[in-house]
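**Student:** So that we are looking at the same thing, I have put the structure below in structure tokens.
The values are calculated or read from the model by the stated rules, or taken from the named source; none is laboratory data. Predicted model, so just to flag it, every value in this text is computed and none were measured. Neighbour counts are summed over all protein chains in view; Cβ atoms, including those assigned to glycine, are modelled from backbone coordinates with ideal geometry.
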Amino acid sequence: MSQLTKKKNKKLKKKTPMINDFIAALFIGLLGAGHCLGMCSGIASAITFSNDQNQSKLSSYTSLLLYNLGRVSSYSLAGAIFAGSSSALIIFFGGKEALIYLRIVAAILMLFLALYISRLWFGLLALEKMGQFIWQFIKPIAQYFLPLKHPSLAFPLGFLWGWLPCGLVYSTLSWAASSGSASNGALIMLAFGLGTLPAMLTVGSLTQQLKFTLNHRYFRYGSGLLLTIFAVHTFYVAIQQLS
């Protein structure tokens, strides 16, 4: 095998886990859509059907789209911050194994998320309560943009609302933190955010129908099972790396 071929294979091996993480994060966003609708559909509806009766439907849906783009941007920024910080600390202390331990923690939180979405155990609520400390400072700023006076203001509103305490986000964020770099962390959280978009871009009666479908026990149990498989696989890979 030539030297060039070996280099290409090494690059492919490095890219493959990142691609897998991106796809898995996208599915987590899709599977957790029911939870997203429960927490954010109210604000999304308020944006779309604002008090301004003269605004066009195009203006309403532009506001909804910008709100969600702002929300996804906040997830990506959080992923970059957490992953970059954890990577810098690990390099400083010279312990690359710490990333693997972070991966194990992420797998455990993903298992908790599977139980949470399945409504078999609500332990992640404790994690959401921890985020209330930061949210109490952000919420008053976010509420300043309501009622929405112009579609362009929906983006900063979504960016701020993206920091709403959410066990689904925190679980994925712990996974992003173990990705090894700020760019990887941002990509993982971007994928997660994109996965939530299809549900969050629905409004009105369609939202209610989607809520019913996503909250159906078969969908919840199926989603929980898939997330459990992700968690077990992540845990297995991490243990293999330690051995």
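**Student:** In the list L190, L164, which residue meets the criterion of being closer than 25 Å to A98 by Cβ and modelled with pLDDT of 90 or more? Give the derivation first.
**Tutor:** Working: L164 fails: closer than 25 Å to A98 by Cβ.
Exactly one residue qualifies, and that residue is L190.
**Student:** Can I ask one more? Could you please let me know if A142 is on the phi < 0 side of the Ramachandran plot, free of Cβ contacts under 8 Å to residues at least 40 places away in the same chain and exposed (fewer than 15 other Cβ atoms within 10 Å of the Cβ)?
**Tutor:** Considered against the rule, which asks whether it is on the phi < 0 side of the Ramachandran plot, free of Cβ contacts under 8 Å to residues at least 40 places away in the same chain and exposed (fewer than 15 other Cβ atoms within 10 Å of the Cβ), A142 comes out as no.
**Student:** Answer yes or no: is there a residue in the range 144-166 that is under 17 Å from the mean Cα position of the chain (by Cα), assigned to a helix (DSSP H, G or I) and of a type in the set (S, T, N, Q).
**Tutor:** The initial filter retains those residues of the range 144-166 that are under 17 Å from the mean Cα position of the chain (by Cα), namely 158-166.
Next, only the ones that are assigned to a helix (DSSP H, G or I) stay: 158-161.
Within this subset, residues satisfying the condition of being of a type in the set (S, T, N, Q) are none.
No, every residue in the range 144-166 fails to be under 17 Å from the mean Cα position of the chain (by Cα), assigned to a helix (DSSP H, G or I) and of a type in the set (S, T, N, Q).
**Student:** Specify which of the listed residues (K129, K211, K149) is among the charged types (D, E, K, R) and in contact with a helix residue (DSSP H, G or I) (Cβ under 6 Å, 6 or more places away or on another chain).
**Tutor:** Exactly one of K129, K211, K149 is among the charged types (D, E, K, R) and in contact with a helix residue (DSSP H, G or I) (Cβ under 6 Å, 6 or more places away or on another chain), namely K211.
**Student:** Quick one: would you say T228 is at pLDDT below 90, assigned to a helix (DSSP H, G or I), out of contact with any Cys (no Cβ under 8 Å at 6 or more places or on another chain) and hydroxyl-bearing (S, T, Y)?
**Tutor:** no
**Student:** On the basis of being of a type outside the set (F, W, Y), at pLDDT 85 or above, assigned to a helix (DSSP H, G or I) and within 28 Å of L66 (Cα to Cα), does Q136 make the cut?
**Tutor:** Spelling it out, Q136 is indeed of a type outside the set (F, W, Y), at pLDDT 85 or above, assigned to a helix (DSSP H, G or I) and within 28 Å of L66 (Cα to Cα).
**Student:** F122 versus (1) among the hydrophobic types (A, V, I, L, M, F, W, C); (2) part of a helix (DSSP H, G or I); (3) free of Cβ contacts under 8 Å to residues at least 12 places away in the same chain: which is the lone unmet condition?
**Tutor:** Evaluating F122 over (1) among the hydrophobic types (A, V, I, L, M, F, W, C); (2) part of a helix (DSSP H, G or I); (3) free of Cβ contacts under 8 Å to residues at least 12 places away in the same chain leaves (2) as the failure.
**Student:** Has the range 91-98 got at least one residue that is modelled with pLDDT of 90 or more, closer than 30 Å to L226 by Cα and not aromatic (F, W, Y)?
**Tutor:** No, there is no match, as no residue in the range 91-98 is modelled with pLDDT of 90 or more, closer than 30 Å to L226 by Cα and not aromatic (F, W, Y).
**Student:** Can you confirm whether W175 is surrounded by fewer than 22 Cβ atoms within 10 Å (Cβ to Cβ) and over 17 Å from S63 (Cβ atoms)? Walk me through it before giving the result.
**Tutor:** Details: surrounded by fewer than 22 Cβ atoms within 10 Å (Cβ to Cβ): no; over 17 Å from S63 (Cβ atoms): yes.
Spelling it out, it is not the case that W175 is surrounded by fewer than 22 Cβ atoms within 10 Å (Cβ to Cβ) and over 17 Å from S63 (Cβ atoms).
**Student:** Identify all residues within the range 99-119 that are assigned to a loop (DSSP other than H, G, I, E, B) and over 14 Å from F230 (Cβ atoms); write none if there are none.
**Tutor:** R119
**Student:** Okay, next question. So L197 passes all but one of these: (1) among the aliphatic types (A, V, I, L, M); (2) in a helix (DSSP H, G or I); (3) under 25 Å from G224 (Cα atoms); (4) more than 17 Å from the chain's Cα centre (by Cα). Which condition number does it fail?
**Tutor:** Unmet for L197, out of (1) among the aliphatic types (A, V, I, L, M); (2) in a helix (DSSP H, G or I); (3) under 25 Å from G224 (Cα atoms); (4) more than 17 Å from the chain's Cα centre (by Cα): (4).
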